[in-house]
Amino acid sequence: MLQYVHLRHAGVRILEIKNEWWEWSKTLLAAVIIAGMIRLFFFSPVVVDGTSMVPTLQDGDRMIVNKFQYKVTAPDRFDIVVFHVSEREDYIKRVIGLPGESVEFEDNQLYIDGEPVDEFFSDDDIVTEDFTLFNLTGYEEVPEGHLFVMGDNREYSKDSRHIGPVPIDEIVGETPLIYWPVDDMKIIFKE
């Protein structure tokens, strides 16, 4: 009888361990699903590859892409955005021209709809060659549903001057936060 009681207690203990394992498994699975949903729909990491956004972003900076932002608002001038160039490649660039605007550079000065616009992020050493949107793309204005984007390091950036206006549908999201390296951690503000 004593042996039966001992086995019964061991069986209860094994059952308790199995139940505890099952509860932990469900919790872990729920956490993985929630993390996946957050990454898929709201935020995801991205690594800066190249020097096209110097001095604002450095090669190897790790950033967070806010995928949700443009579901509720439209992109603004000077937002830093990630967009699909192809199925396998994304670019990080700065929004310069919005739909319906004309874009022009003359003597290193940005003009939007003929009015000079200060590029607060611009380094005096970085030179932008003169151009008009029409000369580059054949469009008088940025087409509806598109953005004109450029890298901050204009001489070394493949951007809308080369690939044309970017469809807003191809925008992954805004990149307002550098989280790595820790010394460079910051939120990028628009002025």
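The values are calculated or read from the model by the stated rules, or taken from the named source; none is laboratory data. Not measured: the values here are computed from a predicted model. Virtual Cβ from ideal backbone geometry, glycine too; neighbours counted across all protein chains shown.
Residues that are of a type outside the set (D, E, K, R) and within 15 Å of the chain's Cα centre (by Cα) are absent from the range 113-126. Considering every residue within the range 68-90, establish whether at least one is of a type in the set (Ser, Thr, Tyr), more than 14 Å from the chain's Cα centre (by Cα) and crowded, with 18+ Cβ neighbours inside 10 Å. No, the range 68-90 has no match at all. Only one entry of Asp124, Asp76, Asp59 meets the criterion of being modelled with pLDDT of 90 or more, more than 22 Å from Glu144 (Cβ to Cβ), outside any strand (DSSP E or B) and acidic (Asp, Glu), and that entry is Asp59. Among the residues of the range 154-191, those that are of a type in the set (Val, Ile, Thr), out of contact with any helix residue (DSSP H, G or I) (no Cβ under 8 Å at 6 or more places or on another chain) and not in a strand (DSSP E or B) comprise Ile163, Val182, Ile188. Whenever a residue of the range 49-68 is assigned by TED's automatic domain parsing to the domain that holds Val127, its partners that are in a strand (DSSP E or B) and among the small types (Gly, Ala, Ser), lying with C-beta atoms within less than 7 angstrom and at least six residues away or across chains, give the pairs Val65/Ser44; Val65/Gly173; Asn66/Gly173; Lys67/Ser44; Lys67/Gly173.
If I filter the range 41-49 for residues that are closer than 16 Å to Asp159 by Cβ and assigned to a loop (DSSP other than H, G, I, E, B), do I get at least one hit?
Yes.
Within the range 29-50, can you find the residues that are surrounded by 16 or more Cβ atoms within 10 Å (Cβ to Cβ), of a type in the set (Val, Ile, Thr) and either modelled with pLDDT under 90 or within 20 Å of Pro99 (Cα to Cα) (or both)? Of everything in the range 29-50, just one residue is surrounded by 16 or more Cβ atoms within 10 Å (Cβ to Cβ), of a type in the set (Val, Ile, Thr) and either modelled with pLDDT under 90 or within 20 Å of Pro99 (Cα to Cα) (or both), namely Val46.
If you filter the range 132-177 down to residues that are in contact (Cβ under 8 Å) with a residue 12 or more places away in the chain and polar (S, T, N, Q), you find that the one that is farthest from Pro99 (Cα to Cα) is Asn153.
Restricting to the range 84-117, what's the tally of residues that are of a type outside the set (S, T, N, Q) and assigned to a loop (DSSP other than H, G, I, E, B)?
Total meeting the criteria: 11.
Here Gly114, Gly164, Gly151, Gly138 are screened, and the one residue that is on the phi > 0 side of the Ramachandran plot, in the same structural domain as Ser52 (by TED's automatic domain parsing) and touching a Ser or Thr at 6+ places or on another chain (Cβ under 6 Å) is Gly164.
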